[in-house]
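Asker: Please read through the structure below; I'll follow up with questions.
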Amino acid sequence: MSKPRTVRLEEWLDPEVENYMEKNNLNNFNQLVNLALKEFIINPQTIELKPIAKDKWTKQMKKAYAKSKKAMDELK
């Protein structure tokens, strides 16, 4: 299975991440992601999916299709 190599943070989360990394002497973002994923996987989590507004969904899908238009056209 292919894994994404980029992470998009919510705007409010970016400064929180920077503060956490400074306080805990983490050298780079990859260390934080690896630690967080390890902790998340090892400790059981309850994931609650929240509904998305139709207009937000449409906007995200249009953006995704625009980014992969060439691949989508080749599949036709």
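The values are calculated or read from the model by the stated rules, or taken from the named source; none is laboratory data. Please read all numbers here as calculations on a predicted model, not as lab measurements. Don't worry about glycine lacking a Cβ; one is built from the backbone with ideal geometry, like all the others, and counts go over all protein chains shown.
Asker: State which residue pairs qualify: first residue touching a residue at least 24 places away in the same chain (Cβ under 8 Å) and inside segment 57-76, second residue assigned to a helix (DSSP H, G or I) in any location, beta carbons under 9 Å apart, and separation of 6 or more residues or different chains.
Answerer: Taking only residues 6 or more apart or on different chains, not a single pair turns up.
Asker: A further question on this structure: Could you please tell me which pairs satisfy a Cβ distance under 8 Å, a separation of 6+ or placement on different chains, a first residue in segment 31-51 that is closer than 20 Å to THR6 by Cβ, and a second residue that is surrounded by 10 or more Cβ atoms within 10 Å (Cβ to Cβ) and aromatic (Phe, Trp, Tyr)?
Answerer: Every condition considered, the pairs that remain are LEU32/TYR20.
Asker: Of the residues LEU26, LEU9, which is surrounded by 10 or more Cβ atoms within 10 Å (Cβ to Cβ), more than 12 Å from the chain's Cα centre (by Cα) and assigned to a loop (DSSP other than H, G, I, E, B)?
Answerer: Going through LEU26, LEU9 in turn, the sole match is LEU26.
Asker: Here is a list: LYS59, LYS69, LYS3. Which entry is modelled with pLDDT of 85 or more and out of contact with any Cys (no Cβ under 9 Å at 6 or more places or on another chain)?
Answerer: Testing whether each residue is modelled with pLDDT of 85 or more and out of contact with any Cys (no Cβ under 9 Å at 6 or more places or on another chain) leaves just LYS59.
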